[in-house]
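Structure below; questions to follow.
The values are calculated or read from the model by the stated rules, or taken from the named source; none is laboratory data. Note that the coordinates shown come from a computational prediction; the quantities given were computed from them, not determined experimentally. Positions of Cβ are generated from backbone atoms using ideal geometry, with glycine treated the same way; all protein chains shown enter the neighbour counts.
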Ligand code: B12
């Protein structure tokens, strides 16, 4: 039986750890079911010092060290992989998750410590690797869904790993292998609603994979049908590809309502949980795909299983409040009302902007009208809508920024918007890659890294910080300044700056405040497209 | 509090290093103070005194 050390790297260092890494928890459960010996060091939860990480790495004779996480965990992953290789020169080290999947060739180049990588969904790939270890072999290239190093050092993509059909076949996540009591429950509170604020024993679940929309800034970890394999003329796989202009693919999968509610019941009983957060990318996609039966059925079973929260006199409750992510155009008042009645406390909406021109180009399938409509529907249903906002879109201009501020005023939203950020795996990244590299020119060398792109990846964190700018009208300094004034609703100061900006760019008053295309051709086309 | 959790017992159990009372207080203070940064609200890290500003 294979002996594995799984390491969850640190992410969002400035905040307390709040989420058990779901993919890793599921993979650990699958491996345990197959009889393997698994230990998890959750570095994001413990944040122990280097001395202690060393002790962890040295605490057993591992057949495999498996690290995995999202792109912004790259710095932590790099550090841990280097430490592990130094301390245990002969151990096999692998990397999986969104970070590797979006840039497999680059990451394998940047991290020579990694022997092979798991590309995309690993529910089948991971146990196959452990089986190979049991057979005493290390032919990782023979396992689908991997990237490995051939003898001469050449990188090799094995054939694509197909996605599993039936998510109900997955065992429940191995929450026990994470410091749920010691760390996560202490950080249960979610400051999005009263119930969220009062949550003391929150856990997360994931009830679906995928999203039907094609937002230009989004990445779906290569697990949502969003990843394609690129082959050369001879049929050799040369890379992976994600959303590209006019080329989008998606696979929508969801657990049955029975599975979801049984898992919720298990979490409530076993961990005495009082709040459940759905990590799903977009609950409403699943509701539409199931012809509006999925969420309704989940709510019905929530009630039948006595999970609908009942308040006690002391302010605590029996049952589970819950929350997740919705979508402006895909939601309907009826289902929102049902959700509200069954304990849904907040729903995140990626409204992102309130200018139809910007929304149209973003590919979100929403408009200013559907944004506002869904906001009030949700409030009416007794659920708090949590709108995400972004500024710095490629064609963002003064008009769109002011429209956004106006909407915040109209809706009573207090928000500090994200900056439009081209995370790897998104269409923006593919389209603007050269522009990104230019902005980090020389940084790679300066920081002793492999190249400039690695410097960009290391700079990525929360999009509340500016990194690579893709706006055609505003630079990083302008975006930061404008955001500050927007947050404080300094309309006049923004008007003043617009005058300066127009002077600098020789764009007279009355013309759209944009540098896109000569004679604003591009913007006019956008306006026409949005009007349609 | 063991740093490793698994489905079997490892040879050496590694416990999370315990911070002293002062360290815990300092950590708590840093977190609370950092949340309020701005204007006259400043947080100062307690580092070694370094008159000539050399590491
Ligand atoms: C929970 C979560 C977080 C958590 C962190 C979770 C963690 N511990 O890593 C928090 C809240 C911190 C977070 C933050 C952010 N997130 Co986030 N987050 C998610 C969320 C909601 C769920 C992740 C999840 O569990 N997915 C489901 C599981 C099954 O997938 P998985 O973990 O990837 O696991 C599978 C494979 O990847 C692989 N795998 C994963 N790990 C490992 C490990 C090993 C050893 C192996 C073999 C395989 C493997 O196998 C698994 C099974 O197939 C997703 C959306 C979603 N529903 O996926 C977004 C998502 C991952 N986040 C995203 C983004 C953009 C962000 C932010 C940048 C947002 C922002 N603008 O600020 C920030 C980053 C902040 C920072 N400073 O770093 C993006 C993609 C990010 C990326 N490029 O990698 C996603 C996909 C959302 C989206 N569609 O835009 N996030």
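Can you name the residue in the stretch A:54-83 that is more than 14 Å from chain B (Cβ to nearest Cβ), in contact with a strand residue (DSSP E or B) (Cβ under 8 Å, 6 or more places away or on another chain) and in contact (Cβ under 8 Å) with a residue 40 or more places away in the chain and is also farthest from the ligand (Cβ to nearest atom) among such residues?
Filtering the stretch A:54-83 down to residues more than 14 Å from chain B (Cβ to nearest Cβ) leaves A:67-79, A:81-83.
Remaining after also requiring in contact with a strand residue (DSSP E or B) (Cβ under 8 Å, 6 or more places away or on another chain): A:67-69, A:77, A:81.
Now restrict to residues that are in contact (Cβ under 8 Å) with a residue 40 or more places away in the chain: A:67-69, A:77.
Working: A:67: 6, A:68: 2, A:69: 5, A:77: 10 Å.
Across the stretch A:54-83, the extreme among qualifying residues is A:77.
For the stretch A:13-39, what are the residues that are in a strand (DSSP E or B) and either within 9 Å of the ligand (Cβ to nearest atom) or assigned by TED's automatic domain parsing to the domain that holds residue A:189 (or both)?
Our first condition is that a residue be in a strand (DSSP E or B); within the stretch A:13-39, this holds for A:37-39.
Answer for the stretch A:13-39, where residues must be in a strand (DSSP E or B) and either within 9 Å of the ligand (Cβ to nearest atom) or assigned by TED's automatic domain parsing to the domain that holds residue A:189 (or both): there is none.
Suppose the filter is at pLDDT 85 or above and outside any loop (DSSP other than H, G, I, E, B); does residue B:23 pass it?
So residue B:23 passes the test.
Of the conditions (1) buried (at least 16 other Cβ atoms within 10 Å of the Cβ); (2) within 16 Å of the ligand (Cβ to nearest atom); (3) not assigned by TED's automatic domain parsing to the domain that holds residue A:331, residue A:155 satisfies every one except a single condition; which number is it?
Here residue A:155 clears every test but (2).
Moving on to the next point. Go through the stretch A:97-119 and report how many residues are near the ligand (Cβ under 7 Å from one of its atoms) and touching a residue at least 60 places away in the same chain (Cβ under 8 Å).
Count: 4.
Residues being under 14 Å from residue A:392 (Cβ atoms), within 11 Å of the ligand (Cβ to nearest atom) and either in contact with a helix residue (DSSP H, G or I) (Cβ under 6 Å, 6 or more places away or on another chain) or not in a loop (DSSP other than H, G, I, E, B) (or both): count how many of those fall in the stretch A:447-470.
Within the stretch A:447-470, residues that are under 14 Å from residue A:392 (Cβ atoms), within 11 Å of the ligand (Cβ to nearest atom) and either in contact with a helix residue (DSSP H, G or I) (Cβ under 6 Å, 6 or more places away or on another chain) or not in a loop (DSSP other than H, G, I, E, B) (or both) number 1.
Also, quick follow-up: How many of the residues in the stretch A:413-440 are away from the ligand (no atom under 14 Å from the Cβ), in contact with a helix residue (DSSP H, G or I) (Cβ under 6 Å, 6 or more places away or on another chain) and either part of a loop (DSSP other than H, G, I, E, B) or assigned by TED's automatic domain parsing to the domain that holds residue A:107 (or both)?
1
Since residue B:22 meets every condition but one in (1) away from chain A (no Cβ under 13 Å); (2) in contact with a strand residue (DSSP E or B) (Cβ under 9 Å, 6 or more places away or on another chain), which condition does it not meet?
(2)
Could you go through the stretch A:38-49 and let me know if any residue there is out of contact with any helix residue (DSSP H, G or I) (no Cβ under 9 Å at 6 or more places or on another chain) and facing another protein chain (nearest Cβ under 9 Å).
Yes.
Now for a separate question. Does any residue in the stretch A:13-29 that is within 11 Å of chain B (Cβ to nearest Cβ) come within less than 9 Å, Cβ to Cβ, of a residue that is at pLDDT below 95 and near the ligand (Cβ under 6 Å from one of its atoms) six or more places away or on a different chain, and which pairs are these?
What qualifies is A:14/A:461; A:14/A:462; A:15/A:462.
How many residues does the stretch A:1-11 contain that are out of contact with any strand residue (DSSP E or B) (no Cβ under 8 Å at 6 or more places or on another chain) and within 14 Å of chain B (Cβ to nearest Cβ)?
Here the count works out to 1.
I'd like to know if the stretch A:251-270 contains one or more residues that are under 28 Å from residue A:432 (Cα atoms) and within 16 Å of the ligand (Cβ to nearest atom).
Yes, the stretch A:251-270 contains at least one residue that is under 28 Å from residue A:432 (Cα atoms) and within 16 Å of the ligand (Cβ to nearest atom).
Something else: Tally time: how many residues in the stretch A:381-401 are in contact with a helix residue (DSSP H, G or I) (Cβ under 7 Å, 6 or more places away or on another chain) and surrounded by fewer than 18 Cβ atoms within 10 Å (Cβ to Cβ)?
1
Further question on the same structure: Quick check, is residue B:17 under 30 Å from residue A:34 (Cβ atoms), facing chain A (nearest Cβ under 9 Å), part of a loop (DSSP other than H, G, I, E, B) and at pLDDT below 90? I'd like the intermediate steps shown before the answer.
Working: under 30 Å from residue A:34 (Cβ atoms): no; facing chain A (nearest Cβ under 9 Å): yes; part of a loop (DSSP other than H, G, I, E, B): yes; at pLDDT below 90: yes.
No; evaluated as a whole, the condition is false for this residue.
Hey, another quick one. Looking at A:124, A:129, can you tell me which residue is in contact with a strand residue (DSSP E or B) (Cβ under 9 Å, 6 or more places away or on another chain) and within 16 Å of the ligand (Cβ to nearest atom)?
Step by step, each of A:124, A:129 is checked, and only A:129 is in contact with a strand residue (DSSP E or B) (Cβ under 9 Å, 6 or more places away or on another chain) and within 16 Å of the ligand (Cβ to nearest atom).
Another one. Assess whether residue A:225 counts as being within 19 Å of residue A:325 (Cβ to Cβ), assigned to a loop (DSSP other than H, G, I, E, B) and either more than 14 Å from chain B (Cβ to nearest Cβ) or without any contact (Cβ under 8 Å) to a residue 40 or more places away in the chain (or both).
yes
With respect to residue A:10, determine if the residue is within 22 Å of residue A:125 (Cα to Cα), part of a loop (DSSP other than H, G, I, E, B) and either more than 9 Å from the ligand (Cβ to nearest atom) or in the same structural domain as residue A:132 (by TED's automatic domain parsing) (or both).
In short, no.
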